[in-house]
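Take a look at the structure set out below.
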Amino acid sequence: GAGVSQTPSNKVTEKGKYVELRCDPISGHTALYWYRQSLGQGPEFLIYFQGTGAADDSGLPNDRFFAVRPEGSVSTLKIQRTERGDSAVYLCASSLVAGGYNEQFFGPGTRLTVL
Amino acid sequence: QKEVEQNSGPLSVPEGAIASLNCTYSDRGSQSFFWYRQYSGKSPELIMSIYSNGDKEDGRFTAQLNKASQYVSLLIRDSQPSDSATYLCAVTSGTYKYIFGTGTRLKVLA
């Protein structure tokens, strides 16, 4: 595809449930980033991958959050035992490679609502 | 102190005027700076990147960087109502992760 895609676009779940959010980066982009954005805030960094490995996961809020990118392309963000405070828009971005001089391009996001 | 600070606004300017958006950052080691535009309910869209001190122009947009003052700005000339959006400043830090400000909401009045 031409851009970053994310599925689902919306996810409603109940407190305590497990959810998976998927990101498909721009073809050829080796770096992939996950952010979380709450209303009125800027995107908050969660984790980024260079290839298959997590290069920096310092933004993951706790051990309920986990992300994988097994083949260096599609990535899945996994949230266990969801809490109401996890409700936000989860954004994925990709860049050609990881590095400050490489521009990131965002997908449309997944809006997660935890009831 | 937040790592990237922006005035949340709203900043209101009349159509045709110059809009000036400002951003300060705390990490002196930051090397790359980006401006994104975000319409309500949409994801951020890259407008400009700047890496060296000085000005960088692209159409109606000019990014300005002053590393000594840890300051980056975005000027929008001939502002249009379609420019009304939230403008996010992003700065690279450490391991190439981006740190975003909270954004400045711009309203261009017709």
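The values are calculated or read from the model by the stated rules, or taken from the named source; none is laboratory data. This one's a predicted model, so the numbers in the text were calculated from it and none came from an experiment. Here Cβ is always computed from backbone atoms with ideal geometry, including for glycine, and neighbour counts include all displayed protein chains.
Descriptive notes on the structure:
- Matching residues in the range A:90-113 - criterion: being within 14 Å of chain B (Cβ to nearest Cβ), within 22 Å of residue A:39 (Cα to Cα) and part of a strand (DSSP E or B): A:90, A:91, A:92, A:93, A:105, A:106, A:110, A:111
- Flag for residue A:107 being closer than 27 Å to residue A:16 by Cα, surrounded by 14 or more Cβ atoms within 10 Å (Cβ to Cβ) and out of contact with any Cys (no Cβ under 7 Å at 6 or more places or on another chain): no
- Residue count for the range B:39-98 satisfying the condition of being more than 10 Å from chain A (Cβ to nearest Cβ), small (Gly, Ala, Ser) and surrounded by fewer than 15 Cβ atoms within 10 Å (Cβ to Cβ): 7.
- Residue selected from the range A:54-90 under the condition in contact (Cβ under 8 Å) with a residue 60 or more places away in the chain and surrounded by 15 or more Cβ atoms within 10 Å (Cβ to Cβ), by the criterion nearest to residue B:98 (Cα to Cα): A:90
- Scanning the range B:23-35 for residues that are surrounded by 15 or more Cβ atoms within 10 Å (Cβ to Cβ) and touching a residue at least 60 places away in the same chain (Cβ under 8 Å) returns B:23, B:25, B:30, B:31, B:32, B:34.
- Residue count, the range A:37-53 (criterion: surrounded by 12 or more Cβ atoms within 10 Å (Cβ to Cβ) and closer than 21 Å to residue B:36 by Cβ): 11
- Among the residues of the range A:1-32, those that are within 15 Å of residue A:102 (Cβ to Cβ) and either surrounded by fewer than 16 Cβ atoms within 10 Å (Cβ to Cβ) or out of contact with any Pro (no Cβ under 9 Å at 6 or more places or on another chain) (or both) comprise A:25, A:26, A:28, A:29, A:30.
- Every residue from the range A:1-35 that is acidic (Asp, Glu) and farther than 25 Å from residue A:83 by Cα: A:24
- Some residue of the range B:28-39 being modelled with pLDDT under 95 and more than 16 Å from residue A:103 (Cβ to Cβ): yes
Let's see how each residue does on (1) of a type in the set (A, V, I, L, M, F, W, C); (2) in contact with a strand residue (DSSP E or B) (Cβ under 8 Å, 6 or more places away or on another chain):
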{"position": "A:4", "(1), (2)": "yes, yes"}
{"position": "A:9", "(1), (2)": "no, yes"}
{"position": "A:21", "(1), (2)": "yes, yes"}
{"position": "A:37", "(1), (2)": "no, yes"}
{"position": "A:63", "(1), (2)": "no, no"}
{"position": "A:84", "(1), (2)": "no, yes"}
{"position": "A:103", "(1), (2)": "no, yes"}
